[in-house]
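Each remark here refers to the structure printed beneath this line.
The values are calculated or read from the model by the stated rules, or taken from the named source; none is laboratory data. Remember, predicted model here, so these are calculated numbers, not experimental data. Cβ placement follows ideal geometry from the backbone for every residue including glycine, while neighbour counts extend to all protein chains displayed.
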Amino acid sequence: MSHQAGLEYERSFWDQGKHVVGIDEAGRGPIAGPLVVAGAVFDIGYANSEIYDSKALSEKKREMLFSLILKEARCYKIKIVTPEEIDALNIYRATQKAMEEITREINAEAVLTDAMPLLNCAKPTLSIIKGDQKSLSIAAGSILAKVVRDHIMLGYDRLYPEYGFAKHKGYPTKAHLEAMEKYGVLPFYRKSYGPVARMNQLALDLD
């Protein structure tokens, strides 16, 4: 089944001569690894029927579109949010803060986000539920974020093959939780997340 991200939200700003940044994230749910937030801006009138919600695409398609977006976007921005920052702020605020930074740093007059209201943004902003399926710009942001995050997790997999990061990408699957219990908590785990906090508490209790 083919999907297509729409352009109606972009057009509402393009008609006013405004460039639009679409922002999305990858990695709010995992217990390990960073959060990646990305924004993409296209020329007014740009269209591409293949760009869609990264979660609905195959890995091969995502990789192909990642390269295409880097070439065809007017500009883009990718933020890596560390587990330490996630633990300090909480995941919601860490996501929001990275998105707000992108709006300030990128050359666009309007902002579309995937279901994330922004507090500190001087530009006109729309927060769209399922935005990665309804807006080409947000979908492009979702592809950039997911591919970068997956590559980071594949790097961790090469360093720590016994954890299975290539498969679960840091999400708390049964196999992942079992590996964490067996081999321990690594430095890039999110200490504020339940399974990791419980594991660390258990280690303290045993000491």
**Request:** Sort through 51, 23, 31 and tell me the only one that's closer than 18 Å to residue 153 by Cβ and of a type in the set (A, V, I, L, M, F, W, C).
**Result:** 31
**Message:** So the check is Cβ under 6 Å with 6+ separation or different chains; which pairs have a first residue in the range 86-100 that's closer than 12 Å to residue 190 by Cα and a second one that's hydroxyl-bearing (Ser, Thr, Tyr) and outside any helix (DSSP H, G or I)?
**Reply:** 87/192
**Prompt:** Does the range 101-122 contain at least one residue that is hydrophobic (A, V, I, L, M, F, W, C), in a helix (DSSP H, G or I) and buried (at least 21 other Cβ atoms within 10 Å of the Cβ)?
**Reply:** yes
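Given the criteria of a type outside the set (A, V, I, L, M, F, W, C), in a helix (DSSP H, G or I), at pLDDT 95 or above and buried (at least 21 other Cβ atoms within 10 Å of the Cβ), does residue 9 qualify?
Yes.
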**Message:** Quick check on this structure: which one of 145, 179 is in a helix (DSSP H, G or I), of a type in the set (A, V, I, L, M), modelled with pLDDT of 95 or more and under 20 Å from the mean Cα position of the chain (by Cα)?
**Reply:** 145
**Request:** Of the numbered conditions (1) without any contact (Cβ under 8 Å) to a residue 60 or more places away in the chain; (2) over 20 Å from residue 56 (Cα atoms), residue 109 fails exactly one; give the number of that condition.
**Result:** (1)
**Message:** Please go through (1) over 30 Å from residue 178 (Cβ atoms); (2) part of a strand (DSSP E or B) for residue 36 and return the number of the only condition it doesn't satisfy.
**Reply:** (1)
**Prompt:** From the set of residues in the range 145-192 that are of a type in the set (Ser, Thr, Tyr) and within 24 Å of residue 95 (Cα to Cα), which is surrounded by the most Cβ atoms within 10 Å (Cβ to Cβ)?
**Reply:** 189
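The rows are residues; the columns are (1) in contact (Cβ under 8 Å) with a residue 60 or more places away in the chain; (2) outside any helix (DSSP H, G or I).
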residue: 151; (1), (2): no, no
residue: 154; (1), (2): no, no
residue: 170; (1), (2): yes, yes
residue: 196; (1), (2): yes, no
**Prompt:** Scanning for something of a type in the set (Val, Ile, Thr) and touching a Cys at 6+ places or on another chain (Cβ under 6 Å), does the range 56-72 turn up at least one residue?
**Reply:** no
**Prompt:** Of the residues in the range 42-69, how many are touching a residue at least 60 places away in the same chain (Cβ under 8 Å) and assigned to a helix (DSSP H, G or I)?
**Reply:** 9
